[in-house]
Amino acid sequence: MKKALFTLALVAASFSSFAAVTQQPTATPAATSNPDAYTSMMAAIIQDLMSTGDPAKLKQADAKLERAGQVAPKDWLPRYYQAYARVITAFVSKEEDEIKDKYLDQAEAALAQARKLGGEESELLVVQAYIYQARLSISPMLRSMKYSKMVTETLAQAKKINPANPRIYLVQANNVYYTPSMFGGGAEVAKPLFQEAQTRFTAFKPASVLSPNWGERQVKGRLKSYETASVK
């Protein structure tokens, strides 16, 4: 069980490698003196963030997002992506557990800021579920009873708010995939959830160029692995 829970947390961290920003910059509603420059800056930061799992580069992206948040203090997206960067840093860091928990405290703080700025709640809840998974990974045996339930409940809240959000199904699918079969999980149980996530991604249209738009590459990779396994 300990190994399975820890593996789940590591796989969650791998989302950063698969996520991508695929659109070209357009105007953002944030109040800045040069919206186009701000959008271009944010698009570049997001691209860097979503293409790395290196702690140093994640921290660099975090610092850039802090500056972006100062440039556009009414925009929730810099704080959302800061929370994302910090939770991924906690997953991939080889530092002491206390330091990882500190990153997660900082992720919680950024998420709270994003919420105060009117961030899209289902997206915030998905990142909140990530934070709970990261908390769990630090001490699986001691924290699984608390945080496993919190992950499930948080994703359920997100689904009630916006059932069309494909990232909900991706996180849920990974959660089930790495849950031992004796507890109702496993690859075959998770497969319909990955398929549902792909269906949702096909229909999904982000609200803006900078809006959350990550996860589809991981879904496609997982479904491809099912196809490969069935051929063998």
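The values are calculated or read from the model by the stated rules, or taken from the named source; none is laboratory data. Because the structure is predicted, anything quoted here is derived from the model rather than measured. Every residue, glycine as well, gets a Cβ built from its backbone with ideal geometry; the counts of neighbours run over all protein chains shown. Only protein heavy atoms, including side chains, enter the accessible area calculation; ligands, DNA and RNA are left aside. Shrake-Rupley method; radii C 1.70, N 1.55, O 1.52, S 1.80 Å.
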Practice prompt. Round to a whole angstrom and tell me the spacing of the C-alpha centers of region 164-232 and region 33-94.
Written response: 24
Worksheet item: What accessible area, in Å² to the nearest ten, does a 1.4 Å probe give for THR152?
Response: 80
Discussion item. Stokes-Einstein diffusion coefficient for region 145-232 at 10 °C in a medium of 1.306 mPa s, Rh from the Kirkwood formula over Cα pairs: what value in µm²/s?
Written reply: 115
Fill in: Within region 161-232: Cβ-based charge dipole about Cα centre, in debye rounded to nearest 20 (Lys, Arg +1; Asp, Glu -1)
180
Practice prompt. Heavy atoms only, probe 1.4 angstrom, no DNA, RNA or ligands counted: give me ARG167, ARG200 ranked by accessible area, highest first.
Written response: ARG200, ARG167
Item to complete: At 1.4 Å probe size, with no ligands or nucleic acids counted, give the accessible surface of ARG222 in Å², nearest ten.
Response: 40
Fill in: Gain in span if fully extended, THR152 to ALA63, counting 0.36 nm per residue against the direct Cα distance
29.0 nm
Worksheet item: Size of the dipole of region 91-178 about the Cα centre, Lys and Arg at +1 and Asp and Glu at -1 on the beta carbon, nothing else charged, in debye to 20?
Response: 280
Item to complete: Would you list which lysines come within 20 Å of LYS59, measuring only between C-alpha atoms, while excluding same-chain residues fewer than 8 positions from it?
Response: LYS94, LYS100, LYS102
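Report the charge-dipole magnitude of region 74-136 in Debye, nearest 20, computed about the Cα centre from +1 at each Lys and Arg Cβ and -1 at each Asp and Glu Cβ. Can you show the working numbers first?
Working: 9 positive and 11 negative charges, 34 e Å.
That gives region 74-136 a dipole magnitude of about 160 debye.
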Discussion item. Can you tell me the length gained on complete extension of the stretch ASP48 to ALA109, counting 0.36 nm per residue apart and subtracting the Cα distance?
Written reply: 19.8 nm
Discussion item. Which lysines, if any, have their Cα less than 16 Å from the Cα of LYS191, not counting same-chain residues under 8 positions apart?
Written reply: LYS220, LYS224
Worksheet item: If each of LYS224 and ALA56 carries a label point 7 Å out from its Cα toward its Cβ, how far apart are those two points in nm?
Response: 2.9
Worksheet item: Which value, in Å² rounded to 10, gives the accessible area of TYR132 with a 1.4 Å probe and all protein chains present?
Response: 40
Practice prompt. Show which lysines lie in cross-link reach of LYS116 when reach means a straight Cα distance below 17 angstrom and same-chain residues fewer than eight apart are skipped.
Written response: LYS74
